[in-house]
1. Could you state the angle between the C-alpha long axis of helix B:37-47 and the longest principal axis of the C-alpha atoms of chain B, as a value from 0 to 90 degrees rounded to the nearest 10?
2. Rounded to the nearest 500, what is the protein assembly as shown's calculated 222 nm mean residue ellipticity when only DSSP H runs of at least 4 contribute -39500 (n - 2.57) each, over all residues?
3. Sticking with the crude label model, points 7 Å out along Cα→Cβ, report the distance from B:Ala30 to A:Gln77 in nm, one decimal please.
4. Compute a Gaussian network model of chain B, connecting alpha carbons closer than 10 Å, and tell me which residue from B:Asp36, B:Asp133, B:Asp96 fluctuates the most.
5. Against the longest alpha carbon principal axis of chain A, how many degrees, from 0 to 90 and to the nearest 10, is the axis of helix A:202-211 turned?
6. Roughly how many nanometres apart are two label points built 7 Å out from the Cα toward the Cβ at A:Arg95 and A:Arg47?
7. If you roll a 1.4 Å probe over the stretch A:71-128 with all protein chains in place, what percent of the accessible area is carbon or sulfur?
8. Using Cα-Cα distances under 8 Å and only pairs 6 or more residues apart, what relative contact order does chain A have, in percent?
Number of protein chains: 2
Amino acid sequence: MVENTEGAGAAPDSSTVREVRISPLLGLPALQPGDDLAGLLAKSIERAGGLSVGDVLVVAQKVVSKAEGRLARATSQADLEALIRAEARRVRRRRDDLFIVETHHGFVCATAGIDHSNTPDAETVILLPVNPDASAAGLSAHLGTHFGIEAPPVIIADSFGRAWRTGTVDIAIGVAGMEPLIDLRGTLDWAGRELESTQVAVADELAAAAHLVMGKADGVPAALVRGAAVEHGDGSATELVMPPERDLFP
Amino acid sequence: MVENTEGAGAAPDSSTVREVRISPLLGLPALQPGDDLAGLLAKSIERAGGLSVGDVLVVAQKVVSKAEGRLARATSQADLEALIRAEARRVRRRRDDLFIVETHHGFVCATAGIDHSNTPDAETVILLPVNPDASAAGLSAHLGTHFGIEAPPVIIADSFGRAWRTGTVDIAIGVAGMEPLIDLRGTLDWAGRELESTQVAVADELAAAAHLVMGKADGVPAALVRGAAVEHGDGSATELVMPPERDLFP
């Protein structure tokens, strides 16, 4: 992940391996549909010392969805189930009230990513953004203009459960300004041999890292990750979705 | 994740939300079976400014396995397949040479976690530690004594693929000195309502965060995560394994 400027097989030293810092972005108000999220984030980033080249902005899905008006009403389990089915391309598994679905984006997650907590009131639920990559690209464009940086990396993160493991981790559901996967094919390991394994989902690792300062109950809706070695580019979170022909757990 | 000392529903401020820093630990030699990994890590931690209460040490599985002598020879695909089957409780899926297995620890992963890269020579492969929680506990005990801290949190991390998503992320296969899951049940969200979702796999998020400075080709075998809100305790990575009765993707 860290750029090795010393050539293949060289041991890293402190000049090539950087410390990574994760700073919570504070002071955003409770978002309302139509709010200028990019502008509010820009102010918060300014209070946190500004945006530098290489800084990655990670934004919680929930505030993006709120600003985009992705709210719905669910006053019963039947309402919720109808919303889940509308958000889903396919139900992958169901056990009682637990639905594991494939969303229209291709994400496999519980409840189609629909969220009950931190909503404006008890009958309002929050849906995933229609196109989280586009949401990330929009934020990147606005912040790039504001701070004079070309296409700064932006990740929209959400807490997902996983197959085979308990608990949730945050992952990237939207990406802009960076490559979400770092390809190690062709890289030499420290013994000088080509690495066999393939790709690191660095956007997911950044989302998980940012969540360390964004905990659910705390109302910290965004964080800056500074010092991570990201590859700038026009990648998207759709690259993180396993294509059907490689999916062994359909 | 961040302790909210302001009471339920209070907005966080800079006094309750901390920056998280991830520092690579450098200068470890290539490990040999029987090497004093805890002692070598202690020296590296001293060079990085020492260990403080709350710091989490994340160590790459590969160096733990090397120090513990978990090496084997595989000169052919048949050799490797025999090793995979010996390390597996059960093969979950197979496609050509790709095996997704459940290891004896309960982890579901490709190739039973057996690794080809960064090995001493081309015919040597590295197996997962027999008991990564015990490996983490041993490191925690040694480092606790060395630095005068009771049971500092230690995570053994490995890069795992995931169902439905491309690329690998680092996860916790061994945990000591902390609770791997933060339970949000009963926590109030910022609107003062009880959160519905359950648990955050903070040990996995810490492993993913640490990997941002530990990239595969770089020979950085460990990192310190400072400033994260961890719950000290005697948790283990076995808590991160989904119990069979809850596993919807057997």
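1. Its long axis makes an angle of about 50 degrees.
2. Calculated at 222 nm, the ellipticity per residue is -6500 deg cm²/dmol.
3. Here the answer is 6.0 nm between the modelled labels.
4. Fluctuation is largest for B:Asp96.
5. So the inclination is approximately 60 degrees.
6. Modelled inter-label distance: 4.2 nm.
7. So the carbon and sulfur contribution to the accessible surface is 48 percent.
8. Over chain A, the number comes to 26 percent.
The values are calculated or read from the model by the stated rules, or taken from the named source; none is laboratory data. Remember, predicted model here, so these are calculated numbers, not experimental data. For neighbour counting, all protein chains shown are included, and Cβ atoms are generated from backbone atoms with ideal geometry for every residue, glycine included. Just the protein is used for accessible areas: all its heavy atoms, side chains included, with ligands, DNA and RNA removed. Shrake-Rupley method; radii C 1.70, N 1.55, O 1.52, S 1.80 Å.
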